[in-house]
1. Given 10 Å bins starting at zero, what is the percent of C-alpha pairs of the range 90-161 in each, up to the one with the largest pair distance?
2. Calculated FRET efficiency, Met130 and His36, Cβ-Cβ r, R0 41 Å, to nearest 0.05?
3. Rank these for me by crowding, Val134, Val74, Val39, going from fewest to most other beta carbons within 10 Å.
4. Cut-off is 10 Å between beta-carbons; in what order do Ser25, Ser152 appear when sorted fewest neighbours first?
5. Just grab the label-to-label distance for Glu105 and Gln85, each label 7 Å out from Cα along the Cβ direction, in nm (one decimal).
6. If you average 1/r over all unlike Cα pairs in the range 41-143 and invert the result, what Kirkwood radius do you get in angstrom?
7. What is the calculated FRET efficiency for Ala26 to Arg148, with r their C-beta to C-beta distance and R₀ = 25 Å, to the nearest 0.05?
Amino acid sequence: MNAYPGPADALAASGDTTSSAGDESATCFKLRRTGHKAVRFDGWQLVEAFGGGQGKDVWHDLNLYRTGQDRIVVELIARTTLPDQQDLHRVNTFETLTDAAAWLEAYRATDDAPIPASLSQANTALPWAMLQAVHLRHNIDRIDADYRTMLSEVFMALDLSDPAEAALYTAAAASPREG
């Protein structure tokens, strides 16, 4: 699992959007959305992250872009190798990188775990259903852990931090310890 800063990574880290057009010309992106028309915009890719790996049935890929209108576009793809399942493509637009990060932190990656068809059948034997439920629980836990790991790598690549938590650490380091 890796996150790779795009050509505009310094732009994202510094928050400076005025120099982007002068440093590198915008690219036209066309992003697929499941069940909706594609999204097209001119902009710069800030970061891309791939959550896939050996032995995974479901994982997430993530791309963040900055548009020419200074908006942030998040492309989140739930990928799968399972038969009878399709990749889910989500695209959302935000005013700021902070808003996009908040949405990504609140996203429930576990909702992308496919439910085995055999669990919904009335004639499924109880031991088999229990085995399937345990397997599903394991997959849900792994999907969540993988998504959180990918997200932390993306936030590190973009040099995003939580100002409220940073203030707590700074205040704790500045106060003398009793002892």
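1. 17, 36, 23, 16, 8, 0
2. Numbers: r = 38 Å, r/R0 = 0.92.
After rounding, the FRET efficiency stands at 0.60.
3. Details: Val134 10, Val74 22, Val39 17.
Taking fewest neighbouring Cβ atoms as first place, the list is Val134, Val39, Val74.
4. Ordered from fewest to most neighbouring Cβ atoms within 10 Å, Ser25, Ser152 come out as Ser25, Ser152.
5. 2.8 nm
6. Working: mean 1/r = 0.0640 Å⁻¹.
It works out to 15.6 Å.
7. Numbers: r = 32 Å, r/R0 = 1.27.
Computed FRET efficiency for Ala26 and Arg148: 0.20.
Any read-out appearing in this document is the output of simple, stated calculations on the displayed coordinates, not a laboratory observation. Since the model is a prediction, treat every value here as computed from it, not as a measurement. Cβ atoms come from the backbone with ideal geometry, glycine included; neighbour counts cover every protein chain shown.
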